[in-house]
1. What do you reckon, is residue 2 at pLDDT 85 or above and more than 20 Å from residue 79 (Cα to Cα)?
2. Looking at 70, 45, which one is in a helix (DSSP H, G or I), over 12 Å from the mean Cα position of the chain (by Cα) and either of a type outside the set (S, T, N, Q) or at pLDDT below 90 (or both)?
3. Return the residues of the stretch 24-42 that are closer than 22 Å to residue 77 by Cβ, free of Cβ contacts under 8 Å to residues at least 40 places away in the same chain, assigned to a helix (DSSP H, G or I) and not aromatic (Phe, Trp, Tyr); say none if nothing qualifies.
4. Would you check which residues across the stretch 52-67 are surrounded by 21 or more Cβ atoms within 10 Å (Cβ to Cβ) and outside any helix (DSSP H, G or I) and list them?
Amino acid sequence: MDAMAEALAQAEGEQDVDKKIEQALACPCLGDLKEGPCGPVFVHAFGCFIRSEHEDKGMDCLPEFAAFQACLQKHPEHVARIMEDPVAEGGPDDQAAAGAGAGAAAEANSSSGSAAVAASPAEAR
């Protein structure tokens, strides 16, 4: 009976994490990151980060973030579309709201390579 209760508690915890990921992905601050050719790769990396139980949150997700970075480098037109977010065309307040998603994409696409990806999960703490 204890094994059954433990399995139910684990399943409930996984549902809570899935719901947390779903709610976080609904944030407009993520803009076009979850769409386009790199969308599925971003969603996978983002979900890994949310699920991460590593002492340095997200450090166990470096391969997923490296895959996202590689996708962005392969699809510069997608990065350009992210950077042209109409929300960013507003005033400073709008730019601050849009900056989180666009800034992450720009950093991932920068010439600093995997260092930008490796720093991203730790910086998010």
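1. no
2. 70
3. 34, 39, 40, 41
4. Listed by number, the list holds a single entry, 58.
The values are calculated or read from the model by the stated rules, or taken from the named source; none is laboratory data. In this text, all values refer to a predicted model and were calculated from it rather than measured experimentally. Backbone-built Cβ (ideal geometry, glycine too); neighbour counts: all protein chains shown.
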